[in-house]
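Q: Next up is a structure, given as structure tokens.
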Amino acid sequence: MTIEELILSGVVREFKGAVVDSSTDTSLPLVLLNPKSRTIEVAPSVSVRLIVACTQSSQGGVELFLAENSSVEMVNLYLADSYVNVTVHQSLGSQCKTMTALLSSTNVTYNYLLEGEYCSNAFDGLFMAMGSDHATLNLTTRHLKANCNSNSTVKGVSAGRATGEFHGLVYVAPDAQHTDAQQQNRNIEFDDSHIVALPQLEIYADDVRCSHGSTVGYSDEQAIFYMRQRGLTESYARRLQIEGFVGEVVNRCNMEEICCFVRDIVSQKMSEI
Amino acid sequence: MLKIENLHASVGDKEILRGINLEVKAGEVHAIMGPNGSGKSTLASVLAGNEKFTVTAGEVIFMGENLLDVPIEERALKGLFLGFQYPVEIPGVSMANFMKIALAEQRKYKGLEPLTASEFLKLMREKSAVVELDGKLTSRAVNEGFSGGEKKKNEIFQMAMLEPKLAILDETDSGLDIDALRVVATGVTRLKRPDNATVVITHYQRLLDYIVPDYVHVLYKGRIIYSGDKSLALKLEKEGYDWLINEYKE
């Protein structure tokens, strides 16, 4: 199955417009395929599921404007080497949920600007760098107004001679009191690959709750031994371990078909380890 | 079933097992006791094939075959089970899924088709009852967030699912309160059959109130220095190891 086939089979719908409002049919997830430079406005109180898919090597960008109390659930997939910028402006009371998977040599930058109060932002990201890939995930969450919350989890896997990078920044402006921001990053390295993790916090308000954490580790050999002792081959045990590791991100996606699709690609990727 | 002859094993250049001899026959329960650092857990790990240890001499015959050349998973598939002293957490892998895979691998090895979903669920319910394991735990990730007692029960649950020929239980009693101990030990006793055998590694005689051993061995500095019947465990509980160690020195 490819994204194009999902469109043809009517599971998702390609979207060419610039505004999502009450007149837009949002019963199916809307797909932005290989977006070059798209700007999309989501009207007040509208809920939409968006899929951004890069299936061809490309440079692109998406800028989303979320009006008051609107809600966007986004799945962003990078299947071909690409260089992409995603910027999301959130107004008062808007909600944005993102699940992203970088499954190629890709450099993606996410910029979330929480420009209104009472916004919520959830981000689950995965990057897998295999062979000679170089995958970079940049994530900036800017809390510009008070009473917003953000929660990000990013997981990285690298193997072969690949390089993975995570640059994370949580910025809290002086006005953004009562911010609740969490950012977690977990990585596993295999073979001669390596992962660079740079999590940062910049806080200029004094009544906030922020935490971040980042780890880079190796495969847990005790767990491999444990699984083999129960009769699993070494390669099966390793696959299961990574599946479990990335599953936490992939399973956050609420769109069933897309979730299956992502899991299949992840499994394929893992067979390269 | 299991025959260990003059087994020597080291980690790095430190020799831990220094000539173990032990024979376990079908239907028997053996207890291995001994002071800290005597090599009990190492023995269990070496039998299971943990690559941290190097076997430097000796032989282990399991079910008529040389065990030491066999990879870890094949030992398991041949019917050797290790109940871990510290069960490992596997984030993101549910207990039910893990057991489904393990059981399917075992059945494949025996040339059998995997169980159907309903057969599997039935088996899981049946076996989790043996150790009074909360059914909810099987949908959680393997050992993640399990309490100490739940982890140990979970080991016996897996043993019940996989029905090994030889189960080696490495300090299954450590960290258990008295109720959990009884549950775990009763589970082990209920799984006992004439065609399987159990080796229980323990510090305390307390466990042996529930799991009655046919033989009790004392391991000291990498050797079995004394073997006896279950009364030996009682004597050790009362008098400690010193008298044996002194006797061994003389």
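Q: Output needed: percent of Cα pairs per 10 Å distance bin for the protein assembly as shown, bins running from 0 to the one holding the longest distance.
A: 4, 16, 22, 19, 15, 12, 8, 3, 0, 0
Q: Sticking with this structure for a sec: With +1 on each Lys and Arg Cβ and -1 on each Asp and Glu Cβ, and nothing else charged, work out how big the dipole of chain A is about its Cα centre, in Debye to the nearest 20. Please list the in-between numbers first.
A: Numbers: 19 positive and 32 negative charges, 67 e Å.
It comes to approximately 320 debye.
Q: Using every pair of alpha-carbon atoms in the range A:3-219, split the distances into 10 Å bins beginning at 0 and state the percent of pairs per bin, rounded to integers.
A: 9, 33, 34, 20, 4, 0
Q: Calculate the dipole size of the protein assembly as shown relative to its Cα centre from +1 charges on Lys and Arg beta carbons and -1 charges on Asp and Glu beta carbons; express the result in debye to the nearest 20.
A: Working: 51 positive and 68 negative charges, 225 e Å.
For the protein assembly as shown, the charge dipole is close to 1080 debye.
Q: Additional query: Show me the chymotrypsin sites (Phe, Trp or Tyr not before Pro) within the range A:178-250 that DSSP assigns to loop and that have at most 15 other Cβ atoms within 10 Å of their Cβ.
A: Sparse-neighbourhood loop chymotrypsin sites (Phe, Trp or Tyr not before Pro): A:204.
Q: Helix A:256-270: angle to the longest alpha-carbon principal axis of chain A, degrees 0 to 90, nearest 10?
A: 40
Q: Let me ask something else about it. Roughly what would the spin-label model give for residue A:264 and residue B:163, points 7 Å off Cα along C-beta, in nm?
A: According to this spin-label approximation, the distance is 3.7 nm.
Q: I need the trypsin sites (Lys or Arg not before Pro) found in the range B:66-163, filtered to DSSP loop residues with at most 14 other beta carbons within 10 Å of theirs.
A: Details: sites: B:75, B:78, B:100, B:107, B:108, B:110, B:122, B:125, B:127, B:136, B:140, B:151, B:152, B:153; in loops: B:78, B:110, B:140.
Taking the range B:66-163 and a limit of 14 other Cβ atoms within 10 Å, the loop trypsin sites (Lys or Arg not before Pro) found are B:110.
Q: Also: Which of A:181, A:94, A:137 sits closest to the plus end of the dipole of the range A:3-219, meaning its Cα is farthest towards the positive end, when Lys and Arg get +1 and Asp and Glu get -1 on the C-beta?
A: Going by the Cα projections, it comes out as A:137.
Q: Specify which residue in the list B:149, B:76, B:50 is farthest towards the positive end of the charge dipole of the protein assembly as shown, using unit charges on the beta carbon of Lys, Arg (+1) and Asp, Glu (-1), about the Cα centre.
A: B:76
Q: If Lys and Arg each add +1 and Asp and Glu each add -1, what is the summed charge of the other residues whose beta carbon sits under 13 Å from the beta carbon of residue B:54?
A: -1
Q: Only loop residues by DSSP count here, and only those with at most 11 other Cβ atoms within 10 Å; note down the trypsin sites (Lys or Arg not before Pro) in the range A:25-82 that meet that.
A: A:36
Q: Report the charge-dipole magnitude of the range B:1-132 in Debye, nearest 20, computed about the Cα centre from +1 at each Lys and Arg Cβ and -1 at each Asp and Glu Cβ.
A: 300
Q: Go through the protein assembly as shown and flag any cysteine with no other cysteine's C-beta closer than 4.7 Å, please.
A: Flagged as lacking a Cys partner: A:54, A:96, A:210, A:260.
Q: For peptide B:92-104, what's the mean number of Cβ atoms from other chains within 10 Å of each residue's Cβ?
A: 4
Q: Of A:240, B:128, B:60, which is farthest along the charge dipole of the protein assembly as shown in the positive direction, counting Lys and Arg as +1 and Asp and Glu as -1 at C-beta?
A: Going by the charge dipole, the pick is B:60.
Q: If you don't mind, there's one more thing I want to ask. Would you please give the FRET efficiency between residue B:174 and residue A:117, computed as 1/(1 + (r/R0)^6) with r the Cβ-Cβ distance and R0 = 60 Å, to the nearest 0.05? Please list the in-between numbers first.
A: Working: r = 53 Å, r/R0 = 0.88.
Computed FRET efficiency for residue B:174 and residue A:117: 0.70.
No lab work stands behind these numbers, since they all come straight from the coordinates. Given the structure is predicted, the values throughout are model-derived calculations rather than measurements. Glycine also receives a Cβ, built like all others from the backbone with ideal geometry; neighbour counts cover every protein chain displayed.
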